[in-house]
Amino acid sequence: MAVYTLDPLRDPRWDPFLRSHPRASVIHSAAWLTALASTYGFDPVAYTTSPPDAPLANGAVFCRVTSWLTGRRLVSVPFADECHLLMDAPGDRDELIRALQERAASERLEYVELRSQDTDSLERAGWQARSSFRLHALDLQRPLDDLFRATHKTCIQNAIRRAERAQLQYEEGASDELLRAFYRLLIVTRRRHGIPPQPIEWFRNLRECLGERLKIRIASHGQQPIAGIVTLHWGDTMLYKYGCSDAAYHNLGGMAFLLWKGIQDAKVLGARRFDFGRSDSDNAGLILFKDRWGSLQSTLTYMRYPVRRQQRTLSDGPKARLMGHLFARLPDEWLTTAGRLLYKHIA
């Protein structure tokens, strides 16, 4: 069985295939891949066992990342929480894995990384677990009142009611004004965590490529924006992708308020699932917060090939901690410049 490559930005079969596959998500879409290419220069490629003159029966999408700092690699896909292999037959997955391993050797790639829950066949083929995360998703196929009652009374319900009593103002859309408000909060949040923000061009490109599928939601106290989230709607799923807040106003419940607004909107749009995204396995507080929405938890493991003792990275270890202390003290302009320079190397 042969494995073929295709350009998901230009092949007319790609979008119809995604619409027909139940596990396809916004991460697989040409819109997401176009935003990645426009912002960071990543080159998207998809693999399939379907010949070029046949309809697509399966597909696995990647981006080629070329960095003088962290090496050349294939990632499925950058800045995504998870990216399913859209290959249902075990034989197709096995052929893909072999093709990827051959590509890693022939192109002398630093590694190939898969961000999928389909790990069994990868482990048998000698791939290595690199990072593990927790995923949370809320089943929306219940009345809204039932969804609210299923949340934690003290931490979620009371937080939403505090926000309402404080008369937080709510705005949604994708205007420049909302994007600027979100980005100011993002800078504050990322500094608090000791990491630079993504470049604002990334959010502009996502907005341009995704159109009405992307929504910025802002909560304000008086005239002061205090929390913001970005949600992406695709098929039967709404994904909570980015969030930020001003810690001085956390007692007003702004984040719970915005997430509840997102869940309400998802119900109106007919979504069946609200995806809370990934959490680091050691972030007990964030995991507990997402658990308290009545969501279901699962494990996501990033798998890499080939297995090496040392792989160049900027995201962990003593150097990362030192950089975190530095980022926490940089002026806004320098911090955003750091993000613009670094993110293309850490995908």
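The values are calculated or read from the model by the stated rules, or taken from the named source; none is laboratory data. Bear in mind that the values here come from a model prediction, so they are computed numbers and not experimental data. Here the Cβ is made from the backbone with ideal geometry for all residues, glycine too, and neighbour counts use every protein chain on show.
Descriptive notes on the structure:
- Taking the listed residues L69, L74, the one that is touching a Cys at 6+ places or on another chain (Cβ under 8 Å) and either under 30 Å from T337 (Cα atoms) or of a type in the set (G, A, S) (or both) is L74, with no other qualifying.
- Sole residue being of a type in the set (D, E, K, R), out of contact with any Lys or Arg (no Cβ under 6 Å at 6 or more places or on another chain) and in contact (Cβ under 8 Å) with a residue 40 or more places away in the chain, chosen from R64, R73, R93: R73
- Checking Q264, Q297 one by one, the residue that is surrounded by 12 or more Cβ atoms within 10 Å (Cβ to Cβ), among the polar types (S, T, N, Q), part of a helix (DSSP H, G or I) and at pLDDT 95 or above is Q264 and no other.
- Qualifying residue in the range 190-204 (condition: more than 24 Å from T337 (Cα to Cα) and either hydrophobic (A, V, I, L, M, F, W, C) or touching a helix residue (DSSP H, G or I) at 6+ places or on another chain (Cβ under 8 Å) (or both)): no
- R191 meets the conditions (1) over 16 Å from the mean Cα position of the chain (by Cα); (2) in a loop (DSSP other than H, G, I, E, B) in every case but one. The failed one is (2).
- Contact map, the range 181-200: first residue modelled with pLDDT of 95 or more, second residue assigned to a loop (DSSP other than H, G, I, E, B) and surrounded by 18 or more Cβ atoms within 10 Å (Cβ to Cβ), Cβ cut-off under 7 Å, separation 6 or more or different chains; pairs are L185/D246; L186/P197; I187/P197; V188/D246; R190/P196; R190/P197.
- Residues of the range 72-118 satisfying the condition of being among the hydrophobic types (A, V, I, L, M, F, W, C), in a loop (DSSP other than H, G, I, E, B) and under 19 Å from R23 (Cα atoms): V77, F79, A80, C83, L85, M87, A89
- Residue in the range 219-231 that is without any contact (Cβ under 8 Å) to a residue 12 or more places away in the chain, surrounded by fewer than 19 Cβ atoms within 10 Å (Cβ to Cβ) and of a type in the set (S, T, Y) present: no
- The condition of being in contact with a strand residue (DSSP E or B) (Cβ under 8 Å, 6 or more places away or on another chain), of a type in the set (K, R) and within 16 Å of Q264 (Cβ to Cβ) holds for R217.
- Selection count, the range 92-151, where residues are of a type in the set (S, T, Y), over 24 Å from T237 (Cβ atoms) and surrounded by fewer than 18 Cβ atoms within 10 Å (Cβ to Cβ): 2
- Between R130, R124, the distinction of being in contact with a Phe, Trp or Tyr (Cβ under 7 Å, 6 or more places away or on another chain), modelled with pLDDT under 95 and assigned by TED's automatic domain parsing to the domain that holds A80 belongs to R130 only.
- Per the listing R124, R115, R73, R93, the residue uniquely more than 17 Å from the chain's Cα centre (by Cα), within 22 Å of H345 (Cα to Cα) and of a type in the set (D, E, K, R) is R73.
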